[in-house]
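Written out below as structure tokens is the structure these notes cover.
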Amino acid sequence: MKVSFPRMGNSYLAFRWLMDALNIECIVPPEPNYQTLDLGVRYSPEFACIPFKVLMGTYFQVAEQGADVIITSGGCGPCRAGYYWVMHQRLLQENGYKTRVIGFEEPQNNYLDFFHKLNFIRKIGGVSIPHFWRSLKTGWQKVIALDDLEILSFQTRPYEVKRGDTGRALQEALDLLDQANDLNQVEKARRAGLQLLRDVPRDETRNPLKIGIIGEIYVLLEPAINHNMQKMLGEMGVIAERSIYLSSYARENILTEGEQDVRAAARPYLNEPCIGGHGTNSIGETVLYAKHGYDGVIQLAPFSCIPEIVARSILPRVSAEHDIPVLTFFLDEQTSKAGVETRLEAFIDLMDRRRAVRQGGRGADLLKLPTHRDLPPLVPELVVAAKT
């Protein structure tokens, strides 16, 4: 029996290793490309969001390669993501594929169902229960290590002396981690990979801007959807800190009831524990980024995503009260890399001018920067609150 899964950044390295460790034949999904999106758009409802379409295209691709089972996640609350795997299953069947989609919901919603599905996966490979849990633990540590390497790479890239050194060091670190087969090897590979990134020649005289990136989890984690925005910002000389990584999300939303600080920060603006997706997080994380001295925030949202639309309607007030610029990207299949890059350059230029005015140095004689009330209504995505 062949098993596959969604592609979300570099996490496929850990999932592929886990399938191999469980003696399960694995079909690694290709990086989302034009063909993936074309398939997804062709067979998905017109107003489905971009994550639904990309996943649909991915599932058609792995089903065509012979995948018998696709393992994915579910969802809860008002967000439509909880129904995605059910709809994906139906669309696959309607188009003649017998591939089974298994959606893992948050265990606290139904522990029996969660562990029943885990046991089904174990039986595919025919491994013992102790071996299964050891493999899960090692796979989980790989996910954590992958995120640690990514985080350090994004912190290093704006300082690199020679463009591309960080990317090459990261790839070497990922290769080391990919070869690790137990907890001890994973930890050694993680440390060696982090050291490779620390050894990248840096120009410490630079004072890069810091931007927080918030929004829906899939468009944040999959570079193919957001046009590798975090790397793009790093190459523009900006430290871009993503609010969600797979390991932190799983730890704080599945394994524990975490993110209390985020929810507390959002409460004055949205006194609702869950509006679905990551809408509440987008508000709370913007507040926290402002308090931690970030220069700006970028919201990434799938077009038609209701939770992020709700958050977007509240962010102008958050921006004004906490004096932090916010730029929103609604992403769909029409979003181009050139358009993303142009808007990022303008946003960075605005923050550079803003910093110069605040510090009373270069650019202090520029015109007063606009507030959110001064912006024209034809540019609703850019909300800026500047106290000068």
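Taken together, the values in this text are just the output of simple stated rules run on the coordinates, not laboratory data. Since the model is a prediction, treat every value here as computed from it, not as a measurement. Positions of Cβ are generated from backbone atoms using ideal geometry, with glycine treated the same way; all protein chains shown enter the neighbour counts.
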**OP:** Place a +1 charge on the Cβ of each Lys and Arg in the chain and a -1 charge on the Cβ of each Asp and Glu, then give the dipole magnitude about the Cα centre in debye, rounded to the nearest 20.
**Re:** 320
Original post:
Taking the alpha-carbon centroid of each part, what is the distance from the range 6-66 to the range 128-173 in angstrom?
Top reply: 21
Original post:
Where does the chain land at 222 nm, in deg cm²/dmol rounded to the nearest 500, when only DSSP H runs of n ≥ 4 count, each adding -39500 (n - 2.57), divided by all residues?
Top reply: -16000 deg cm²/dmol
Original post:
Under 14 Å from a point 7 Å along the Cα-to-Cβ line of Cys274: which residues of the range 75-117 have their amide N that close?
Top reply: 75-83, 105-111
Original post:
Just from the alpha-carbon atoms, what are the Rg and Dmax of the range 2-127 in angstroms?
Top reply: 14.2, 42
**OP:** In Å³ and rounded to a whole number, note down the convex hull volume per residue for the Cα atoms of the range 195-243.
**Re:** 95
Subject >> Label-point gap, in nm, between Gln108 and Leu136 - each point 7 angstrom along Cα→Cβ >> reply: 1.8
Original post:
In terms of Cα to Cα distance under 18 Å, which aspartates and glutamates are near enough to Lys291, apart from those fewer than 8 places away along the same chain?
Top reply: Glu241, Glu259, Asp261, Glu321, Asp323
**OP:** Work out, step by step, the length gained on full extension between Glu341 and Gln93: first 0.36 nm times the residue separation, then minus their alpha carbon distance; give nm to one decimal.
**Re:** 85.4 nm
Subject >> Full-stretch length increase - Ser128, Tyr83 - with 0.36 nm per residue and alpha-carbon distance subtracted >> reply: 13.0 nm
**OP:** Give the dimensionless ratio obtained when the Cα radius of gyration of the range 129-205 is divided by 2.2 N^0.38 Å.
**Re:** 1.23
**OP:** Would you please put 32-40, 304-312, 326-334 in order of how densely packed they are, using the mean number of other Cβ atoms within 10 angstrom per residue and starting with the highest?
**Re:** 304-312, 326-334, 32-40
Original post:
Stokes-Einstein at 4 °C, 1.567 mPa s, Kirkwood radius from Cα pairs: D for the chain in µm² s⁻¹?
Top reply: 58
Subject >> Cα→Cβ-extended label distance, 7 Å offset, between Arg317 and Gln195, nm >> reply: 5.2
Original post:
Can you tell which of Leu197, Val219, Cys274 lies farthest toward the positive end of the dipole of the chain, using +1 and -1 charges on the Cβ of basic and acidic side chains (Lys, Arg; Asp, Glu)?
Top reply: Leu197
**OP:** State log₁₀ I(q)/I(0) for the range 217-312 at q = 0.16, 0.21 Å⁻¹ as given by the Debye formula over alpha-carbon point scatterers of equal weight, solvent excluded.
**Re:** -0.72, -1.23
Original post:
Among the lysines, which fall within straight-line cross-link reach of Lys231, defined as a Cα-Cα distance under 22 Å, with same-chain neighbours fewer than 8 residues apart omitted?
Top reply: Lys142, Lys162, Lys210, Lys337
Subject >> Extreme residue, positive dipole direction of the chain, given options Ala356, Ser4, Gly96 (C-beta unit charges) >> reply: Ala356
